[in-house]
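Take a look at the structure set out below.
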Amino acid sequence: MLTVTESLTVRDNRTGVEYDIPITDGTIRAADLGKIKAADPATSEEGPGLAVYDPGFVNTASCRSSVTYIDGDKGVLEYRGYPIEQLAEKSSFLEVSYLLVHGALPTKEEYDAWVHEITFHTFVHENIKEFMQGFRYDAHPMGMLMASVGAMSTFYPDAANISDPDNRRLQIIRLIAKMPTLGAWAFRHAQGKPYVYPDNDLSYTGNFLSMLFKMSESKYAPDERIVKALDTLFILHADHEQNASANAVRSVGSTQVDPYSSVAAGVGALFGPLHGGANEAVLRMLRRIGKVENIPAFIEGVKAGNERLMGFGHRVYKNYDPRATIIKQQALNVFEVTGTNPLLNIAMELEKIALEDEYFVSRKLYPNVDFYSGLIYEALEFPPEMFTVLFAIGRTPGWLSQWLELVQDKEQKIARPKQIYTGERGLTFVPRDVRWA
Ligand SMILES: CC(C)(COP(=O)(O)OP(=O)(O)OC[C@H]1O[C@@H](n2cnc3c(N)ncnc32)[C@H](O)[C@@H]1OP(=O)(O)O)[C@@H](O)C(=O)NCCC(=O)NCCS
């Protein structure tokens, strides 16, 4: 019988020495490459071990994780083993949050306790409100969110005790509970409207809508179809394995700082246009196209390399992003309530043409999560700056699940990459008075 040896034999042509490097789970340990050494030709001294150079971590696994599974070629996304399609259809954001954080679905008692705890941690200290009110009238809500999440570490100094499981759980509940409050207040701030306190009679997402849109009525009654659509969008954004913001949370968390500081780093990473901002670009593109008749000319421009079809293509998915299918359905549901957005017709026609066009087919370019989400957010009357805040609220349980996994992982160390030094060496410093004389 053929035996497969799970190892890699490497011959260092500088020395002629061969090394056997074990392969585990389709990876080799970069530290094993560090054993491959050769003399520095300049000094004849033994040089440092071989390292891998991987800007952007495109082929480097930074952790073992059991939170989220993605198969980009097949268009599969699973949280803790459950397909995203089933969770989006049959679960709720708080149940999915429980699943992500705990690794298993809750019993009825566990679910009720979880919802109760999150509901009763939605209020924030009044000083956080004053802190947020101190921002300029036109402050970007993501900047406000990032700063106020970071500021929460000063209100909960106990959060620094990250080795205590009960303490970790409390901070996780606080963060999931308070993110909508902070996000909604950042939204009200830009509008010059008074901040609305949480209404704990409402569901998680219903309460968020109340804090966003309540005016003089004594009680806000959210439309359940809108609640379902937004809740589903939160589920779709809840985690996406080692994306840039999860990596930021893990990297900062690896210093053993409190989770508020780590999640603030995640919000900062998400703020960047390469990560959280693509749906805004999709809206701009659809507006520019303006009408269905202009689509063929636009597609020709994309194929000629003049611009990109925003909301298409993904680094990981080389198939239909499973989240895009679900979002498209939710967009149709939302438009039933809000009335149709003419941009939807342009989006659907654009998608139809692109999916049949050889340029997009051969490059495996399919709609991604951002293709329809901006349309929903716009229909709900969110300004584009708020889109990423909604993403951040949805992503919070994912960041916290990644953080929790990190702090319990004995193999993890402080995240501290190597570099290839390209600068000067051994210069002699000449003081200013001599240099400038
Ligand atoms: C997401 C994205 C950055 C992934 O990029 P990537 O994995 O590095 O893929 P590449 O940029 O190498 O693209 C591969 C090929 O497809 C083309 N391509 C990729 N995305 C494209 C798009 N949206 N429109 C037109 N062509 C696109 C590239 O021009 C390239 O073609 P070439 O081989 O002829 O040069 C890219 O698809 C993109 O810019 N999409 C639009 C922005 C967007 O929707 N982002 C949200 C992601 S969730």
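The values are calculated or read from the model by the stated rules, or taken from the named source; none is laboratory data. What you are looking at is a predicted structure, and each value in this text was computed from that prediction instead of being measured. Cβ: placed from backbone, ideal geometry, glycine included. Neighbour counts: every protein chain shown.
Points to keep in mind about this one:
- Among all residues of region 389-399, there is at least one that is of a type in the set (V, I, T), touching a residue at least 60 places away in the same chain (Cβ under 8 Å) and in contact with a Ser or Thr (Cβ under 9 Å, 6 or more places away or on another chain).
- If you check L309, L209, L233, L274 for being within 16 Å of the ligand (Cβ to nearest atom) and not in a loop (DSSP other than H, G, I, E, B), only one passes: L233.
- If the condition is being of a type in the set (A, V, I, L, M, F, W, C), more than 41 Å from the chain's Cα centre (by Cα) and in a strand (DSSP E or B), then region 1-46 contributes V17, A39.
- Verdict on L283 being touching a Pro at 6+ places or on another chain (Cβ under 7 Å) and either surrounded by fewer than 19 Cβ atoms within 10 Å (Cβ to Cβ) or of a type outside the set (D, E) (or both): yes
- Whichever residue in region 352-377 is of a type in the set (D, E) and surrounded by fewer than 21 Cβ atoms within 10 Å (Cβ to Cβ) and, among such residues, is farthest from the ligand (Cβ to nearest atom): E356
- The set of residues in region 236-257 that are surrounded by 24 or more Cβ atoms within 10 Å (Cβ to Cβ) and not in a helix (DSSP H, G or I) comprises A238, D239.
- Some residue of region 339-351 being in contact with a strand residue (DSSP E or B) (Cβ under 6 Å, 6 or more places away or on another chain), modelled with pLDDT of 90 or more and either farther than 26 Å from P180 by Cβ or more than 15 Å from the ligand (Cβ to nearest atom) (or both): yes
- Test for S262: is it among the hydroxyl-bearing types (S, T, Y) and crowded, with 23+ Cβ neighbours inside 10 Å: yes
- Long-range neighbours under 6 Å by Cβ, at least six apart or interchain, first residue over 14 Å from P194 (Cα atoms) within region 115-143, second in a loop (DSSP other than H, G, I, E, B): T119/N200; T122/P198; F123/P198
- If you go through region 58-70 and keep only what is of a type outside the set (S, T, N, Q) and at pLDDT 95 or above, you end up with A61, C63, R64, V67, Y69, I70.
- Selection over region 62-84 of residues that are part of a loop (DSSP other than H, G, I, E, B) and either surrounded by 14 or more Cβ atoms within 10 Å (Cβ to Cβ) or in contact (Cβ under 8 Å) with a residue 60 or more places away in the chain (or both) gives a count of 11.
- Qualifying residue in region 320-330 (condition: more than 16 Å from the ligand (Cβ to nearest atom), within 18 Å of F382 (Cβ to Cβ) and surrounded by 16 or more Cβ atoms within 10 Å (Cβ to Cβ)): yes
- Inclusion of K193 among residues that are basic (K, R), modelled with pLDDT of 95 or more and surrounded by fewer than 20 Cβ atoms within 10 Å (Cβ to Cβ) is warranted.
- In the set F382, F387, only one residue is within 13 Å of the ligand (Cβ to nearest atom), more than 19 Å from E78 (Cα to Cα), at pLDDT 90 or above and surrounded by 15 or more Cβ atoms within 10 Å (Cβ to Cβ); that residue is F387.
- Filtering region 287-306 to residues that are small (G, A, S) and near the ligand (Cβ under 9 Å from one of its atoms) leaves only G305.
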